1. Looking at the range 193-207, which of its residues are among the hydrophobic types (A, V, I, L, M, F, W, C) and crowded, with 20+ Cβ neighbours inside 10 Å?
2. Taking helices (runs of 4 or more DSSP H) that do not extend beyond the range 1-117, which have at least 1 residues that are under 34 Å from the mean Cα position of the chain (by Cα) and among the small types (Gly, Ala, Ser)?
3. Away from ligand 2 (no atom under 16 Å from the Cβ), crowded, with 19+ Cβ neighbours inside 10 Å and over 18 Å from residue 224 (Cα atoms): is that true of residue 299 in this structure?
4. Kindly evaluate residue 203 against the criterion of being within 27 Å of the chain's Cα centre (by Cα) and under 24 Å from residue 316 (Cβ atoms).
5. I want to confirm something. Restricting to the range 264-277 and keeping residues that are in contact with a Leu (Cβ under 8 Å, 6 or more places away or on another chain) and over 20 Å from residue 327 (Cα atoms), which single residue is nearest to ligand 1 (Cβ to nearest atom)?
6. With a cut-off of at least 3 residues that are at pLDDT 95 or above, name the strands (runs of 3 or more DSSP E) lying wholly within the range 130-201.
7. Does residue 251 qualify as being surrounded by 23 or more Cβ atoms within 10 Å (Cβ to Cβ) and in the same structural domain as residue 217 (by TED's automatic domain parsing)?
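The values are calculated or read from the model by the stated rules, or taken from the named source; none is laboratory data. This structure is a prediction, so every number in the text was calculated from the model and none was measured. Note that we place each Cβ from the backbone using ideal geometry, even for glycine, and neighbour counts take in every protein chain shown.
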Amino acid sequence: MKQRKVPVDEALGMVIPHDLTKIVRDEYKGPAFRKGHVIKPEDIPELQKMGKAHIFALELEPGEIHEDDAGLRIAQAAAGKNVLTGGPKESRVNLTSAVRGLLKVNVAALLALNELEDVVFSCLSNHTPVEAGELLAATKVIPLVVPEQTVLDAETLCETMGKIIEVVPYQAPKAGIVVTGGEVYHKRIKDAFGPVLREKLQSYGGSVFPVAYAPDEAGAIAEQIDLLADQGAELILVSGGMSVDPDDVTPQGIRLSGAKVEKYGAPVLPGAMFLLAYKGEIPIIGMPACGMYFRITVLDLVLPRLFAGERLRRADIIALSHGGLCRNCPECRYPRCSFGQGGIQG
Ligand SMILES: Nc1nc2c(c(=O)[nH]1)N[C@H]1C(S)=C(S)[C@@H](COP(=O)(O)OP(=O)(O)OC[C@H]3O[C@@H](n4cnc5c(N)ncnc54)[C@H](O)[C@@H]3O)O[C@H]1N2
Ligand code: MOO
């Protein structure tokens, strides 16, 4: 790269090669002059007021690439399904989501990309639920000019290791709910769990069968699970009876329905007594009573992934331990917080 230093008062008609940022009394004001701006007579005193005695005209050598073009090419190489790339802005390129869904980060490829000299790619944590239009990631190169080989290496990496990020839209499985507990079944108290679970399922766009009820008997719980499965439920939540009382028989009921347990006990708080099983292809969740009392629980880490079509295993539940402790903030800002954002899961 060659840079020609030109005194500002001789720069009339020249092209500003990159954004010139104005800092007023230590306050960042954003670019005063955009890259590509052609200097007009009235700009010269303005540039001098900014303290610029010279501007630098940039001449790229063969095999070199400007930061804006490099950032754009890396962003385009990294963007998987449902990820949009914007134009370079102050030399960084933002990647946003085209849809509502689950962000998937190819963690191994992300780390390899950031190993490349002068490349930075920064993103939200793996498995973050995101909205359409939401900022997912940003990328840039560090110097003003990089060897084109750096960009070629980034492009090759995204071809061989896979795209860095994608967003999987939520599918809309038909879901069933079995509310357990003799006190509710015998109508001694009003069901407060069913409506909470129904609303949560519907928030991902799913349709929900009418809530089924069962007393604290494993056989009766299994029967309701079987009935829902026969009716075509593709996901079943079973509430309550998940703890250590003698009448907490929901895990037994789930097993009795023929479901195979992946994990009973999640390293997530709230949600420790959570259970995930599969009856054939149908995920069956045993949800402890905390799901009724707390707005955000383990269910909010697991449901978006099930709605995105993931088959979760024991190891996936164990991986939730990193970031699995809710701070129980006075004002909940989930998912804009560390809950469920360990980021180590591949
Ligand atoms: N000694 C221990 N006690 C508890 C433990 C433990 O490990 N050792 N774990 C605690 C944790 S963590 C949780 S979470 C809860 C788990 O509760 P369960 O899922 O077993 O909940 P239940 O016993 O069925 O109910 C608790 C409470 O909530 C009421 N309930 C339940 N379902 C409904 C409903 N559909 N509508 C209205 N109210 C409902 C129920 O009547 C009970 O009062 O256990 C901790 N304890
Ligand atoms: O399953 Mo419980 O969340 O730890 O309250």
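1. 193, 197, 201
2. Those helices (runs of 4 or more DSSP H) span 67-78, 107-115.
3. Judged against the criteria, residue 299 is not a match.
4. Taking the combined requirement at face value, the residue satisfies it.
5. Restricting to residues being in contact with a Leu (Cβ under 8 Å, 6 or more places away or on another chain) and over 20 Å from residue 327 (Cα atoms), the top hit is 264.
6. Here the list reads 135-141, 165-169, 174-180.
7. In short, no.
Residues checked against (1) in contact with a helix residue (DSSP H, G or I) (Cβ under 6 Å, 6 or more places away or on another chain); (2) more than 16 Å from ligand 1 (Cβ to nearest atom); (3) assigned by TED's automatic domain parsing to the domain that holds residue 91; (4) free of Cβ contacts under 8 Å to residues at least 24 places away in the same chain:
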site: 142; (1), (2), (3), (4): no, yes, yes, no
site: 145; (1), (2), (3), (4): no, yes, yes, no
site: 160; (1), (2), (3), (4): no, yes, yes, yes
site: 185; (1), (2), (3), (4): no, no, no, no
site: 191; (1), (2), (3), (4): yes, no, no, yes
site: 203; (1), (2), (3), (4): no, yes, no, yes
site: 206; (1), (2), (3), (4): no, yes, no, no
